[in-house]
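What follows draws every value from the coordinates through simple rules; no lab data is involved. All figures in this text were calculated on a predicted structure; none of them were measured in a lab. FYI the Cβ positions are ideal-geometry reconstructions off the backbone, even for glycines, and counts take in every protein chain you see.
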Amino acid sequence: MADLHSARSAMTPATMGRASAGPTDVLAALQLLLQIEYLQSALYTRALTATDLVPTTDAQVYSTLANHSDQQLVLITTAITTRTALPAPSPVFDFTVKGAFPGFAFAAGQYPALQMLSQIVEDLGVRAYLGQLGALAGDKAALNTAVAILTVKGRNASEVRRLRGTQGWITGSSRGDLPAFAQAVYDGEENVQQGAVNVASLAGQFGATAGATQAFDEPLTSAQVTAILALFAS
Amino acid sequence: MRIELGSLSELHAAGTRRDFLRLIGLGGALVLLPGFVSACGSDDVTGIPASGEPFVIDFSDGDPAILQLAFVLEQLEADFYGRVVDAFAQSNFTTTEQALLTDIRNHEAIHRAFLQATLGTSVAIEVTPAYSGLAFNDRAKVLAFATQVEDLGITMYNGSAQYVASSATLTVLAKIAAVEGRHASAIGDLLTPRTGSFAPRATDGLSAPATVGAALQENVVDKIGMLNLPAIFLGGPTTNG
C-alpha cells in the first residue's frame with residue numbers, strides 16, 4: 001500500500017495534498033458518524049413500533065430502513081470499540097426538532113412529518129459521511145466501512161425523497177417544502193467547483209447548473225453536522 | 001482470469017501507447033482482461049467487447065489510474081443512458097420514468113466530462129462501449145442493465161477509495177459515488193416499487209480494480225490492460241438485507 005501512496009506526484013490540480021489524519025482524527029470521525037447512526041436508528045425504530053403511522057404500502061421500505069440503520073449502527077460502534085475506545089452514549093432525541101414539527105409524536109396521521117424527517121436525516125447522513133472520509137483515509141478498514149455505508153445512505157435518501165414525490169437527488173441548495181431549520185442540511189449543495197473543474201461550465205446540454213449540482217453530493221464539516229445534530233437534542 | 005505477458009510484437013503494434021513502451025523498459029506484469037471475442041458479433045451499435053485497440057491503466061501512476069478507471073465506467077454509463085434517452089420515442093417508459101432517466105443521463109454525462117477535464121485530454125483515454133444487442137427501447141432490459149452498471153459504479157468507487165492518495169480526490173470521487181447510490185435506488189424502485197430493492201443490503205460492496213476491469217471489459221470494445229495492480233485489496237464490511 002505504501003508503494004501506491006508514494007507514487008509519482010499527482011498529475012492534476014484536483015489531486016491535492018494528503019490530509020495528515022491520525023488515530024485521534026479517526027476516532028473523532030467515527031464518534032461523529034455514530035451520532036448520525038443513533039439519530040437515524042432512533043427515528044426508524046420509533047416509526048416501526050408506532051401504530052397507524054407508516055401506511056402498509058410503505059411498510060417494507062421503512063422496515064428496510066430500520067434494518068439497515070441498525071446494522072450500520074453496529075458497524076460504527078464496533079469500529080470504535082475495536083480501536084479500543086468507548087462509543088459515546090446515545091442522546092435522547094426531540095423529533096419535533098424544537099417545535100419545527102409541532103406535536104410530532106409518531107402518532108397516527110403524522111406520516112408526512114415522518115417522511116420529512118426521513119429525508120432530512122438521510123441527506124444529512126450522506127453529507128456527514130462525505131465530510132469524514134479525509135479523516136478516515138489513513139485507516140483503510142474504517143474508510144472501507146464508511147464508504148460502504150455512504151452509498152447506502154445515498155440509496156436511502158433517494159428512496160425516502162422519491163416516496164414523498166421529490167426527486168431522488170438534491171438540486172442547488174433547495175430544501176423544498178421542509179421547515180426552515182432544515183436549510184442547514186442543504187447549504188453548500190449548490191457547489192459546482194469540483195477540484196480544478198467548474199462542472200456547471202461542462203453541463204450545458206446536460207441539465208445545466210441544476211444538473212451539475214445534482215450530480216455531486218457535498219460534504220458537511222464536523223462543526224456543521226454537530227450544529228444540526230444539536231437541533232435534535234431534547 | 002487469464003494473465004498474459006504481452007509479446008514484444010504486440011507491444012510494438014501498440015507502440016503509440018506510452019504505457020506499452022514503458023512496460024518494455026520495466027518488464028512489469030501486464031494483465032489483459034478477458035473479453036468475449038465472438039465471431040458472430042456483427043451488431044453495428046454494440047461492437048465486440050475487447051476486439052479493439054488495447055490500452056493500459058498503470059496503477060503506478062497513483063490517483064490518475066483510479067480516475068482513468070472511473071472515466072471508463074462513466075463513459076459507459078453516459079453512453080448507455082444517452083442511448084436510452086435517444087430511444088424514448090420507441091420505448092415503453094412512462095413520461096415520469098423518462099424524466100428520471102434523463103436526469104440520470106445528465107448526471108453521468110457530467111461525471112464523464114468532469115473526469116475527462118480532471119485527467120486532461122492527453123491522459124484521458126476514450127473508449128467505445130459495446131452492448132451485445134441490448135434493446136434500448138425495452139424497459140425491463142434497460143432497467144436490468146442500469147442496475148448492473150450502477151452497482152458496478154458503486155463497488156468500483158467504494159473499492160478504489162483505499163488506493164486514493166489525495167484526500168481531495170478521495171472526497172470528490174465519493175461525492176459521485178453517493179449520487180450513483182441515489183441512482184441505483186431509483187432504478188431499483190422502478191423495478192420493484194416500495195420494496196427493499198432500493199437498497200439490497202445495509203452496506204454496498206467493494207470491488208478490486210481487476211474485478212471492475214473485467215466487468216467493464218464485457219461492455220467495452222477497446223481491450224483493457226492493467227499494469228502494476230495493487231498487491232493488496234482490503235474488502236468491506238459484511239451485512240445483509
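Restrict the check to the range B:205-225 and report whether at least one residue is within 7 Å of chain A (Cβ to nearest Cβ), in contact with a Gly (Cβ under 6 Å, 6 or more places away or on another chain), in a loop (DSSP other than H, G, I, E, B) and not acidic (Asp, Glu). For the range B:205-225, residues within 7 Å of chain A (Cβ to nearest Cβ), in contact with a Gly (Cβ under 6 Å, 6 or more places away or on another chain), in a loop (DSSP other than H, G, I, E, B) and not acidic (Asp, Glu): present. Within the range A:56-67, can one find any residue that is in contact (Cβ under 8 Å) with a residue 12 or more places away in the chain, assigned to a loop (DSSP other than H, G, I, E, B) and more than 20 Å from A:LEU143 (Cβ to Cβ)? Looking through the range A:56-67, none of the residues is in contact (Cβ under 8 Å) with a residue 12 or more places away in the chain, assigned to a loop (DSSP other than H, G, I, E, B) and more than 20 Å from A:LEU143 (Cβ to Cβ).
May I ask you to list the residues in the range B:208-222 that are crowded, with 21+ Cβ neighbours inside 10 Å and charged (D, E, K, R)? Selection gives B:ASP222 alone. May I ask you to verify whether A:ILE228 is in contact with a helix residue (DSSP H, G or I) (Cβ under 7 Å, 6 or more places away or on another chain) and facing chain B (nearest Cβ under 7 Å)? So A:ILE228 fails the test.
Of the helices (runs of 4 or more DSSP H) lying entirely inside the range B:87-198, those carrying at least 1 residues that are out of contact with any helix residue (DSSP H, G or I) (no Cβ under 6 Å at 6 or more places or on another chain), away from chain A (no Cβ under 13 Å) and not aliphatic (A, V, I, L, M) are B:95-119, B:139-160.
Residue by residue, here is whether (1) free of Cβ contacts under 8 Å to residues at least 12 places away in the same chain; (2) within 30 Å of A:VAL160 (Cα to Cα); (3) of a type in the set (Phe, Trp, Tyr) holds:
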residue: B:GLY188; (1), (2), (3): no, yes, no
residue: B:LEU206; (1), (2), (3): no, yes, no
residue: B:GLN217; (1), (2), (3): no, no, no
residue: B:LYS223; (1), (2), (3): no, no, no
residue: B:ILE232; (1), (2), (3): yes, no, no
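Residue-wise test of (1) surrounded by fewer than 20 Cβ atoms within 10 Å (Cβ to Cβ); (2) over 19 Å from the mean Cα position of the chain (by Cα); (3) more than 13 Å from chain B (Cβ to nearest Cβ); (4) hydroxyl-bearing (Ser, Thr, Tyr).
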{"position": "A:LEU114", "(1), (2), (3), (4)": "no, no, yes, no"}
{"position": "A:GLN119", "(1), (2), (3), (4)": "no, no, no, no"}
{"position": "A:GLN132", "(1), (2), (3), (4)": "no, no, no, no"}
{"position": "A:ALA135", "(1), (2), (3), (4)": "no, no, no, no"}
{"position": "A:ALA142", "(1), (2), (3), (4)": "no, no, no, no"}
{"position": "A:THR145", "(1), (2), (3), (4)": "no, no, no, yes"}
{"position": "A:ASN156", "(1), (2), (3), (4)": "no, no, no, no"}
